[in-house]
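Taking it in order: structure first as structure tokens, then the write-up.
The values are calculated or read from the model by the stated rules, or taken from the named source; none is laboratory data. Note that this is a predicted model, so its numbers are computed, not measured. When we count neighbours, we look across all protein chains shown, and the Cβ atoms used for this are built from the backbone with ideal geometry, even at glycine. In case anyone asks, the SASA skips ligands and DNA or RNA and just uses the protein heavy atoms, side chains included. Shrake-Rupley method; radii C 1.70, N 1.55, O 1.52, S 1.80 Å.
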Amino acid sequence: GTATITAQAGDFFAACEVTVDRKVIDVEGVSLDVTSVELTRGDSLTIHATVYPADATDKTVAWSSSNEAVACVNSDGTVVALSAGTAIITATSNGYEASCLVVVNEVNGIDLLLMDGSWPVDIYDVTGRIVRKNAYSITDLEEGFYCINGRKYFINK
């Protein structure tokens, strides 16, 4: 704040206004708890930033993505995987940066079903005709709708 200091000696006086500022502790760096991650489309993950020193005056962190079509990030560091590809998520604080490489893979529902240990499965077309018995893979199926374990899936090539 500010204060006025006055001194008086007889008929003489002097005044001085003094302003005292809060001590500013500058940011000296920033780091992330994750520097690379592999996600599947639709997944999300919160990346945590640490600003140094711990008693820095302004520890504000701004987040950005190098490729918003692949992965976006919100103001608290939550990353959402949107489509297959790569993006660099960057946290910036007072000119200091730390980054995380995000690789987003495209895995559809049938792949997830086949990877969950329920092998093998029978795959049917939407008319109920069996397309594959005891399937371990869907890689050579054509694009379209299929039924697996009573659920309908769309394969998008």
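Sorting 85-96, 22-33, 6-17 by average packing, meaning the other beta carbons within 10 Å per residue, from highest down gives 85-96, 22-33, 6-17. One chain, two ends: Thr86 and Ala15. Fully extended at 0.36 nm per residue, the span grows by 19.2 nm beyond their Cα-Cα distance.
A crude spin-label estimate for the pair Ser75 and Glu38, with each label 7 Å from Cα along the Cβ direction, gives 3.5 nm.
Modelled spin labels at Glu106 and Ala54, positioned 7 Å past Cα toward Cβ, are 4.6 nm from each other.
Give me the 1.4 Å probe accessible area per residue for the range 1-81, excluding ligands and nucleic acids, in Å².
Working: 5570 Å² over 81 residues.
Ligands and nucleic acids excluded, the figure is 69 Å² per residue.
Remark on Leu82: its backbone amide H falls under 5 Å from those of Gly42, Ala71, Cys72, a criterion applied only to residues 5 or more positions apart or on other chains, H modelled at 1.01 Å from N.
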